[in-house]
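Accompanying notes for the structure given below.
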Amino acid sequence: MKYYSSNLEFEKAHKVLSKLTILDTLDKKLNPVRTQKYNKKAFEIKNLLGLKNMPMSIEAFDNSHNQGDSNVAASVRFVNENPVKSDYRKYIIRSFEGVDDYASFDEVLNRRFKRLLDEKQQLPNLVIIDGGKGQLNVARKVFESLNLIGVVDLISISKDSNHMSSTIHLLDGSEVSILGNK
């Protein structure tokens with residue numbers, strides 16, 4: 001449109017503007033439908049896992065290292081099932097040397113949620129930890145120290161022997177199989 005306008009081809013620029021207006025109108029009409037579909041999914045997830053909150057905003061955390069060096073963690077954020085890439089974070093682990101998945105989660109979750117609380121930013125409805133019961137217990141302790149238990153739902157997801165996500169661990173100690181009956 002700008003190209004046509006700068007070349008004084010106003011009729012072509014107007015046609016492009018008309019098409020953009022139509023696309024924008026369609027998107028605005030479809031967005032409530034998309035949101036309604038996600039709300040239904042979120043409601044089902046909330047009930048299945050016994051969550052206190054509708055999982056409209058979700059953050060997930062994972063740790064990684066390179067044979068004991070370069071300990072890092074990352075978090076991703078989704079809102080209404082859409083990735084919010086501007087809220088993706090990479091954390092360099094500073095509090096220890098070597099490999100310690102639990103200490104990594106402790107550091108990263110404390111850094112992330114202390115900052116959100118200090119800056120009075122919006123908290124996610126659900127936090128997902130990549131790991132089993134041990135990682136979930138570390139996250140629970142962090143959330144307890146920050147008074148986030150009951151404010152933000154917290155789960156972890158562990159993998160089976162084939163390295164496939166298989167089980168959701170809940171704070172009450174119960175588990176939900178992701179794989180179903182195979």
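Here are a few things to note about the model shown:
- The set of residues from the stretch 6-32 being surrounded by 13 or more Cβ atoms within 10 Å (Cβ to Cβ) and β-branched (V, I, T) comprises just one member, V16.
- Looking across the stretch 93-152 at every residue that is more than 24 Å from I45 (Cβ to Cβ) and polar (S, T, N, Q), the one that is least open to solvent (accessible area, probe 1.4 Å) is identified as S104.
- Count - residues of the stretch 1-49 that are outside any helix (DSSP H, G or I) and under 23 Å from Q122 (Cβ atoms): 0
- Here Y3, Y38 are screened, and the one residue that is of a type in the set (S, T, Y), surrounded by 10 or more Cβ atoms within 10 Å (Cβ to Cβ) and closer than 30 Å to L171 by Cα is Y38.
- R111 charged (D, E, K, R) and part of a loop (DSSP other than H, G, I, E, B): no
- Scanning the stretch 153-180 for residues that are among the polar types (S, T, N, Q) and open to solvent by 70 Å² or more (accessible area, probe 1.4 Å) yields S161, N162, S177.
- Candidates are the residues of the stretch 61-92 that are more than 18 Å from the chain's Cα centre (by Cα) and open to solvent by less than 50 Å² (accessible area, probe 1.4 Å); the one that is modelled with the highest pLDDT is N71.
The values are calculated or read from the model by the stated rules, or taken from the named source; none is laboratory data. As the structure is a computational prediction, the values presented were derived from the model and not from experiment. Heads up, the Cβs are rebuilt from the backbone with ideal geometry, glycines too, and the neighbour counts pull from every protein chain shown. To get the accessible areas, we keep the full protein, side chains included, count just its heavy atoms, and leave off ligands, DNA and RNA. Shrake-Rupley method; radii C 1.70, N 1.55, O 1.52, S 1.80 Å.
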